[in-house]
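Just below is one structure, and these are the notes that go with it.
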Amino acid sequence: MSTSTPKVWFAIPTANPAAAARNLPRWRAMGYRVAVLQDRRRFPVPEADLVFTPSTEYLGWGTSVSLLSRMLVIAGADIVVTGGDDMQPDPRHRAEEIGRQFIEHFGGTLGVMQPTGDDMPGVDRICGSPWLGRQWIIDGYGGMGPVPTCYRHFYADEELKLVAERQGKLWMRPDLVQHHEHWSRTGQRHEVAEVLQTYWAEDQGTFINRQMCGFPGSMLQKRA
């Protein structure tokens, strides 16, 4: 791992060609390499350095992020930034600059960082667009990836925040802004969002049960 110029990737599942075409060039322009995972909806993504198509069914946000992150660690990534195709990078600081700050803060790559400068309500309650260090990706969930894979779509980001926070490995950054083009702001709800919303109740139940059990499989139980 190079502490002078860390390799930082932006890696997401995407099913929205318009959002990907609009936002991925912004990440590339700020020095990030780009990886995307596609499942049931396939389309060209010329802005991506890597396109991964492991399934024709939606695997869930957590599983998709974990698959991508594990691949990128093998490819030499120091940090993986994730979220969705409706996310934008901080426009004032390049990937390598923030990456160096990350490594200096944690003394390595065992950590999770969440920019919270976006003024969207609740942005500091979850890790919805986190920076995931290489060692966190390796250790976070016993080799399965950096985030829990048991949710259909929701609550993995909330569990991630709680687990990293309780391990003393969470850095919240109100000075960094990763703007979220959420449909509640734009008024344009993509058809995929309608389908994903049906998973909410199931994922909420999974979260409550896992919280009561101490988040099985995470670093919390590994080091208990």
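The values are calculated or read from the model by the stated rules, or taken from the named source; none is laboratory data. Remember, it's a predicted structure, so these values are computed and weren't measured experimentally. Please note: Cβ atoms are built from the backbone with ideal geometry, for glycine as well, and neighbour counts cover all protein chains shown. To get the accessible areas, we keep the full protein, side chains included, count just its heavy atoms, and leave off ligands, DNA and RNA. Shrake-Rupley method; radii C 1.70, N 1.55, O 1.52, S 1.80 Å.
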- Within the stretch 120-141, which residues are within 17 Å of Glu159 (Cβ to Cβ), in a loop (DSSP other than H, G, I, E, B) and over 13 Å from the mean Cα position of the chain (by Cα)? Gly122, Val123, Asp124, Arg125, Gly140, Tyr141
- Quick one: would you say Val73 is within 13 Å of Pro146 (Cα to Cα) and in contact with a Pro (Cβ under 8 Å, 6 or more places away or on another chain)? no
- Selection within the stretch 1-14 - under 22 Å from Gly108 (Cα atoms), outside any loop (DSSP other than H, G, I, E, B) and of a type in the set (Val, Ile, Thr): Val8
- Residue check, Gly76 against (1) under 16 Å from the mean Cα position of the chain (by Cα); (2) modelled with pLDDT of 95 or more; (3) among the small types (Gly, Ala, Ser), all met but one. Which one? (1)
- Query: Looking only at residues in the stretch 15-41 that are at pLDDT 95 or above and in a loop (DSSP other than H, G, I, E, B), which one is farthest from Val80 (Cα to Cα)?
  - Reply: Gln38
- Note on the structure: Residues of the stretch 1-42 being open to solvent by 50 Å² or more (accessible area, probe 1.4 Å), among the aliphatic types (A, V, I, L, M) and closer than 19 Å to Leu72 by Cα, in sequence order, are Met1
- the stretch 208-220 residues that are free of Cβ contacts under 8 Å to residues at least 40 places away in the same chain, paired with ones that are outside any loop (DSSP other than H, G, I, E, B) (beta carbon under 9 Å, 6 or more apart): Cys213/Gln221; Gly214/Leu220; Gly214/Gln221; Pro216/Arg210
- Note on the structure: Restricting the stretch 90-107 to residues that are in a loop (DSSP other than H, G, I, E, B) and out of contact with any strand residue (DSSP E or B) (no Cβ under 7 Å at 6 or more places or on another chain), the one nearest to Phe154 (Cα to Cα) turns out to be Pro91
- Task: Check the stretch 71-83 and report whether any residue there is assigned to a helix (DSSP H, G or I), in contact (Cβ under 8 Å) with a residue 12 or more places away in the chain and open to solvent by 40 Å² or more (accessible area, probe 1.4 Å).
- Result: yes
- Item | Top-ranked residue of the stretch 53-66 - restricted to ones that are open to solvent by less than 50 Å² (accessible area, probe 1.4 Å) and among the hydrophobic types (A, V, I, L, M, F, W, C), ranked as modelled with the lowest pLDDT | Trp61
- For Thr149, indicate whether it is among the hydroxyl-bearing types (Ser, Thr, Tyr) and closer than 18 Å to Ser69 by Cβ. yes
- Taking the stretch 130-184 and keeping residues at positive phi and without any contact (Cβ under 8 Å) to a residue 12 or more places away in the chain leaves Gly143, Gly168
